[in-house]
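Novice: My questions will all concern the structure given below.
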Amino acid sequence: MGHMEPVTIDGGEMNVYMAEPAGAGPHPAILLTFHRGGIDEFTCKYIDDLAAAGYVAAAPNFYHRSPADADAGDAQGRVIDSDMVADMDATVAMLQGRDSVQGDAIGIVGHCFGGRNSYLGAATNSAFKACAVFYGGNTTVARGEGRPTPFELMKNITCPVMGFFGNDDQNPSPDDIDKIDAELTRHGVRHVFHRYDGAGHAFQNFTAPERYREEAARDAQAKLLAFLNAELKR
């Protein structure tokens, strides 16, 4: 089971939900950029599962600047990219400062809202050595006045990327995915995208039965772990 750990940022504290594998390590690490629901049942189980697979896993609470009584939708609406970049950088620094973490073997993984933000993190912090995106939409939308979009920043990604998408999704749509594929190719970013028929948005989210697709979810997770193991457990 994971636990909350405080990280100091902007003169305050941000909670990070963390879990670690058994053994002293050092272990590779994953920063999980959460979906709209925040640090909820899905996010906590995903962190715990990554730890069981041999990773120190950490999910920073990007909603920490919102009022404590704000719901997930309201908190998500308040988040801007510059704050998320600062939160991710602080989480990376925290991970690199732990004896249990192999500081040169950190990846970033995200779902939905977090998938978008995985591109953002990989484009703004070269510490990430692998990036995985689950159905990350709104890559051409900036959060914060004057900020470049994640799509515009993709040219700065220096690590390999793996993406997982449902062909029934509309955000990102199959056309959106084609454009991202082409943009990464144009800039020489090594990447592989997996697409699933009969699956839409949030197909890994077991807490949403109407969206969850067990076969696609399991296949994607197996491919994700193979990718992370190849890139981070060298």
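Novice: Among the residues of region 125-166, write down those that are part of a strand (DSSP E or B), without any contact (Cβ under 8 Å) to a residue 60 or more places away in the chain and either over 21 Å from Ala29 (Cα atoms) or in contact with a helix residue (DSSP H, G or I) (Cβ under 6 Å, 6 or more places away or on another chain) (or both). First the steps, then the outcome.
Specialist: Taking region 125-166 as the starting set, the residues that turn out to be part of a strand (DSSP E or B) are 128-134, 161-166.
Checking the rest, the ones that are also without any contact (Cβ under 8 Å) to a residue 60 or more places away in the chain come to 131, 133, 161, 163, 165-166.
Across region 125-166, the qualifying residues are Cys131, Val133, Phe165, Gly166.
Novice: For the list (1) touching a residue at least 40 places away in the same chain (Cβ under 8 Å); (2) surrounded by fewer than 17 Cβ atoms within 10 Å (Cβ to Cβ); (3) not aromatic (Phe, Trp, Tyr), I need the number of the one condition that Ala59 fails.
Specialist: Against the list (1) touching a residue at least 40 places away in the same chain (Cβ under 8 Å); (2) surrounded by fewer than 17 Cβ atoms within 10 Å (Cβ to Cβ); (3) not aromatic (Phe, Trp, Tyr), Ala59 comes up short only on (2).
Novice: Mind counting the residues in region 102-136 that are open to solvent by 10 Å² or more (accessible area, probe 1.4 Å) and either touching a Pro at 6+ places or on another chain (Cβ under 6 Å) or among the basic types (Lys, Arg) (or both)?
Specialist: 2
Novice: On the basis of being open to solvent by less than 10 Å² (accessible area, probe 1.4 Å) and closer than 28 Å to Thr149 by Cα, does Ile80 make the cut? Write out each step before concluding.
Specialist: On the way: open to solvent by less than 10 Å² (accessible area, probe 1.4 Å): no; closer than 28 Å to Thr149 by Cα: yes.
For Ile80, the condition - open to solvent by less than 10 Å² (accessible area, probe 1.4 Å) and closer than 28 Å to Thr149 by Cα - is not met.
Novice: Return the residues of region 207-218 that are surrounded by 15 or more Cβ atoms within 10 Å (Cβ to Cβ) and either among the aliphatic types (A, V, I, L, M) or in contact (Cβ under 8 Å) with a residue 12 or more places away in the chain (or both); say none if nothing qualifies. Walk me through how you get there before you give the answer.
Specialist: Residues of region 207-218 that are surrounded by 15 or more Cβ atoms within 10 Å (Cβ to Cβ), as a first pass: 211-213, 216-217.
Those that are surrounded by 15 or more Cβ atoms within 10 Å (Cβ to Cβ) and either among the aliphatic types (A, V, I, L, M) or in contact (Cβ under 8 Å) with a residue 12 or more places away in the chain (or both): Arg213, Ala216, Ala217.
Novice: Quick check: anything in region 138-161 surrounded by 14 or more Cβ atoms within 10 Å (Cβ to Cβ) and over 26 Å from Val85 (Cα atoms)?
Specialist: No, every residue in region 138-161 fails to be surrounded by 14 or more Cβ atoms within 10 Å (Cβ to Cβ) and over 26 Å from Val85 (Cα atoms).
Novice: Now, a different point. With respect to the numbered conditions (1) closer than 29 Å to Gly144 by Cα; (2) at pLDDT 95 or above; (3) open to solvent by 40 Å² or more (accessible area, probe 1.4 Å), which one is the sole condition not fulfilled by Asp10?
Specialist: Checking Asp10 against (1) closer than 29 Å to Gly144 by Cα; (2) at pLDDT 95 or above; (3) open to solvent by 40 Å² or more (accessible area, probe 1.4 Å), the one that fails is (2).
Novice: Under the condition of being out of contact with any Pro (no Cβ under 9 Å at 6 or more places or on another chain) and open to solvent by 70 Å² or more (accessible area, probe 1.4 Å), which residue from region 180-201 is farthest from Lys223 (Cα to Cα)?
Specialist: My answer is Arg186.
The values are calculated or read from the model by the stated rules, or taken from the named source; none is laboratory data. Model, not experiment: these values are computed from the prediction. We place every Cβ from the backbone using ideal geometry, glycine too, and count neighbours over all the protein chains shown. Side chains included, ligands, DNA and RNA excluded: accessible areas come from the protein's heavy atoms. Shrake-Rupley method; radii C 1.70, N 1.55, O 1.52, S 1.80 Å.
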